[in-house]
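Data first, discussion second: the structure below is written as structure tokens.
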Amino acid sequence: MAPAEASAARVAADPRTAREVDGGRRLRRADVLVAVATAVVSLALLLGLPPLDAADPDTLGRPLTSPAVGSLPWIVLLLGLLGQSAALLAARRVPRAVLVAGAAVPVVVAGLIPGGSDLFGLTALPVVVAVVLAAVRAPLVRLWPALVAAAVLVTLGTAWHWVVLSGLDRSRPFLLALGEALPQGVTQAIGAVGLPLVVALVVRSRREVRAARDAEVAARTAEASAAVREQDARVDAAVSRERAAMARELHDIAAHHLSGIALMSAVIDRQIDTDPTAAHEGVRQVREQSTAVLEDLRRLVGLLRDDAPAERAVETVAGIVDLVERARYRSDVRLEVLRGAHEVAEGVGPLAQLAAYRTAQEALANAALHAPGAVVTVTLDDRAVDHLELTVENAAPAVSAPSADAPAGPGEPTPEGPGAGGNGLRGMRERADLVGARLQTGTTPDGGWVVTLRLGRETPEVTR
């Protein structure tokens, strides 16, 4: 691939490079337009001012002194103006050099035009353009030496031309005559350098103010966008937390009730022919469990609906007693409450009590599912001043765990034991972490399983 084609391919592949190239091209076109416009205006004034003065002569002053078109002085003045205009093409790259060079041309022109010409003042036009371009594009702290040099050159060239135009007096020294013409040079320098500089600085300051305002608006827009993104992230995190909470709640309801229903259904299937009375009792228990799970699901759905919020009773530590009573229908569950001098669960917040209730519910469901026939002991130790401890311990399974005919639900611990993993233990840990409690699970020396939850009190100054 040719170098030009490779460069074009790189530009096309990088949008930022393409924008920079397009911007550079526009700036170069602007420089060319400025230089051409300055040359055209200078040439138009050079050709048009003499006929205009002849058509409407000034009756109060002397006639306009101008060289004939095509004469040597006229050609010198034309070349000077064209040279000044051509130098403006480099005003963006070397503004100081262009400014000094443009101001030096009038000095040369003043020395080459014999007899002078009133059209000499046209050489100030390119200087004005160069001052404006330089002041707009370069910092003043770097530009002031070039501005001073340009002002000195304009003053010198104008004074020299004034002396030549007035006629050289051999009786006076040239430097003395040049000194007398300096006021005219200073006036020309103020008009060609000072006034354009002030205008350019005003334009530049307004541009900087506008750029600062745009930058501030862009910063505010970016800040607002960041705030919106942060808010969206917070909403997403809140939604994720709510989804996790709903998943835990649904799992607790399903694990506790449905596992009991499955076990009681298996027992009823074996008793229906051999012990109809016990089978009927089991059916009543299944109905109670089914009604309970439907009620819990109805309450959960009611919490999720905006149009018909359902009343929801928050489970507490005291509800563990009823939980154990219901669990006795499907296994041998024993409850031991060790009370202190204070009320049960005094100083334990409602969210922490709900975590204790759900932990006991999940532990009883796991024991019934994975250790059928084993004795389960629920111990509620409320004697300590600074904490409450809940322990659910089951002995080794008296019979084998459920077979593949009655598999555990999706995400439930596998039949190898309550601690084999799954959403149950994960939910326990998440609830414990949420309320700052400490959860411990593991096997016992006799092959059973124990779950211990320690809850801190919000008001540890409990009276004994």
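Can you tell me which residue is modelled with the highest pLDDT among those in region 414-447 that are polar (S, T, N, Q) and touching a Gly at 6+ places or on another chain (Cβ under 6 Å)?
441
Is it true that residue 401 is modelled with pLDDT under 80, in a loop (DSSP other than H, G, I, E, B), among the hydrophobic types (A, V, I, L, M, F, W, C) and out of contact with any Gly (no Cβ under 6 Å at 6 or more places or on another chain)?
yes
Among the residues of region 318-357, count how many are surrounded by fewer than 23 Cβ atoms within 10 Å (Cβ to Cβ) and within 50 Å of the chain's Cα centre (by Cα).
Within region 318-357, residues that are surrounded by fewer than 23 Cβ atoms within 10 Å (Cβ to Cβ) and within 50 Å of the chain's Cα centre (by Cα) number 11.
Out of region 350-380, which residues are over 13 Å from residue 392 (Cβ atoms) and either among the charged types (D, E, K, R) or not in a helix (DSSP H, G or I) (or both)?
Residues satisfying the conditions are 372, 373.
Based on what the data block shows, is residue 203 assigned to a helix (DSSP H, G or I) and surrounded by fewer than 14 Cβ atoms within 10 Å (Cβ to Cβ)?
So residue 203 fits the description; yes.
(1) at pLDDT below 85; (2) assigned to a helix (DSSP H, G or I); (3) in contact with a helix residue (DSSP H, G or I) (Cβ under 9 Å, 6 or more places away or on another chain); (4) within 22 Å of residue 203 (Cβ to Cβ): which one isn't true of residue 146, the others all being true?
It fails just one condition, (1).
If a residue has to be closer than 23 Å to residue 258 by Cβ and not hydrophobic (A, V, I, L, M, F, W, C) to count, how many in region 329-362 make the cut?
Selection size over region 329-362: 9.
Can residue 43 be described as over 19 Å from residue 162 (Cα atoms), in a helix (DSSP H, G or I) and at pLDDT 85 or above?
yes
Could you list, in sequence order, all residues of region 109-138 that are over 14 Å from residue 163 (Cβ atoms) and either touching a His at 6+ places or on another chain (Cβ under 6 Å) or not hydrophobic (A, V, I, L, M, F, W, C) (or both)?
Scanning region 109-138 gives 118, 121, 123, 126, 137.
Does any residue of region 302-320 turn out to be at pLDDT 70 or above and assigned to a helix (DSSP H, G or I)?
Yes.
The values are calculated or read from the model by the stated rules, or taken from the named source; none is laboratory data. This one's a predicted model, so the numbers in the text were calculated from it and none came from an experiment. Virtual Cβ from ideal backbone geometry, glycine too; neighbours counted across all protein chains shown.
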